[in-house]
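Take a look at the structure below.
We did not get these values from a lab; they are worked out from the coordinates using the rules stated. Since this is a predicted model, take the numbers as computed values, not measurements. Note that we place each Cβ from the backbone using ideal geometry, even for glycine, and neighbour counts take in every protein chain shown.
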Amino acid sequence: MYRSKYRKIAVVVLCLFVFLCIGFCIFNNLRNNASSFNLQNEQVSDNSFVQKSPVKNEPVKEEVLNPAQKYYKDNLEQDEIKFLNKAKASKDNDMEFSKLQTKFIKATDVLNEKYTENIDPDNPYYKNNWVKMPYVEGCYFYAVNSDYLLEKYGKYLSSSYNEWLKFIIKRESVMQDGGLIVPPDTLREYILFLEKFVEQNPNFILISDAKDILNSYLMTYLEGIDNSPIFDKWNTRKMKPEFKESYEKFLAENKDSKYYPMVEELYNKSKDNDFNWDRNFDQWLYEYHKKYFAE
């Protein structure tokens, strides 16, 4: 009897235990589901800027090109590509490159004629490209970037053309507004370089350009130009010291130059006149010019 009674109690306890376990599992499951739901709601809330209704595709704005970029794309880009394609398979590219270089020069002429207003010199396009923006006489203008040409094309050109491009880079700032912007002795160095270059490269594709520049430098060096005369005509009426010193250096160090007699004759005539300027000297200089420079 007692055993039957305890057995009933044990069964009841066991049933209660089972119900409690089932209830705990159900409660725990409901709590987890609620937490997951809340977490999802928070994520949606945090990322609500992504869940906006789709926006219609806006039209892509076309890139605004500056005049130099546009001219390049319309008139130069294909020429560059053609040259490079041919140059990679050839060892004689000077002639074709000189044509391309001429097109670059003409391009800057067109740009300077039509597009010099509202130039933005800080545009990154002008930092390392075919065109650059020098600042002269209070304004910017377009000029061919010879550094760019040398860097991009030098490996396809002859040593003489490479030497020429390096010289062009050096001489880009020699004269401005009818005057020298380098000392006369720098002009002496350029004359000596060109003399040697012309002698050593008689068949250079641009030899006529080299001779023209040499002739221009000689006349400027020996006769002066409007804003850089060799005599101070309005004050001391004497030969300017920087010219006198450069002539003396030429006579002392450059005896092998074929232009030595020209410098010597000018210097001695000036010395005989105590390095003074007068009307008689101007008349002599006129005859001197006809002797050495007149065609």
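Which peptide among 184-195, 216-227 comes first, and what is the full order, when sorted by highest mean count of other Cβ atoms within 10 Å? Could you put the intermediate results ahead of the total?
Details: 184-195: 18.9, 216-227: 17.2.
Listed from highest to lowest mean packing, they are 184-195, 216-227.
For the range 173-295, what is the charge dipole size about the Cα centre, in debye to the nearest 20, if Lys and Arg each add +1 at the Cβ and Asp and Glu each add -1 at the Cβ? Kindly include the intermediate steps, with their values, before the conclusion.
Values: 16 positive and 23 negative charges, 41 e Å.
Computed about the Cα centre, the dipole is about 200 debye.
Charged neighbours of GLY178, selected by a Cβ distance under 14 Å, balance to -4 (K, R count +1; D, E count -1). Ranked by how many other Cβ atoms sit within 10 Å of their own Cβ, fewest first, the residues THR108, THR236 fall in the order THR236, THR108.
Ratio of the range 65-156's C-alpha Rg to 2.2 N^0.38 Å, to two decimals?
Working: Rg = 13.8 Å, N = 92, 2.2 N^0.38 = 12.3 Å.
Relative to the rule-of-thumb radius for its length, the range 65-156 sits at 1.13.
The ranking of PHE250, PHE281 from fewest to most other beta carbons within 10 Å of each one's beta carbon is PHE281, PHE250.
Overall shape: oblate for the range 110-249, with the ratio a/c of the largest to smallest alpha carbon gyration tensor axis at 1.5 or above and b/c at least equal to a/b. Think of the range 145-295 as a dipole: +1 on every Lys or Arg Cβ, -1 on every Asp or Glu Cβ, centred on the Cα centre; then among TYR259, VAL182, TYR156, TYR156 lies furthest on the positive end. The listed peptides 270-280, 112-122, ordered by packing as a protection proxy, come out as 270-280, 112-122 (highest mean of other Cβ atoms within 10 Å first). For the pair GLU113 and SER159, label points projected 7 Å from Cα toward Cβ lie 4.0 nm apart.
Taking 20 Å as the cut-off, the amide N atoms of the range 138-160 that come nearer than this to a point 7 Å along the Cα-to-beta-carbon line of LYS166 belong to 145-160.
Under the simplified labelling scheme, the ASN276-GLN176 pair shows an inter-label distance of 3.7 nm, with each label point 7 Å from Cα along Cα→Cβ. Taking other C-beta atoms within 10 Å as the exposure proxy, VAL263, VAL136, VAL144 rank VAL136, VAL144, VAL263 from fewest upward. Here the contact order of the range 65-156, divided by its residue count and restricted to Cα pairs under 8 Å and six or more residues apart, works out to 27 percent.
Starting from the Cα gyration tensor of the range 238-295, take the square roots of the eigenvalues, sort them a ≥ b ≥ c, and report rounded, prolate or oblate (rounded when a/c is under 1.5, otherwise prolate if a/b is larger than b/c, else oblate).
Values: a/c = 2.37, a/b = 1.14, b/c = 2.08.
The shape class here is oblate.
Between ILE105 and THR186, how high is the FRET efficiency from 1/(1 + (r/R0)^6) when r is the Cβ-Cβ distance and R₀ = 22 Å? Nearest 0.05.
Working: r = 24 Å, r/R0 = 1.09.
After rounding to 0.05, the efficiency reads 0.40.
Assuming 1.306 mPa s and 10 °C, estimate D for the range 173-295 with Stokes-Einstein, Rh taken as the Kirkwood radius over Cα pairs, in µm²/s.
On the way: Rh = 15.1 Å.
Translational D for this selection: 105 µm²/s.
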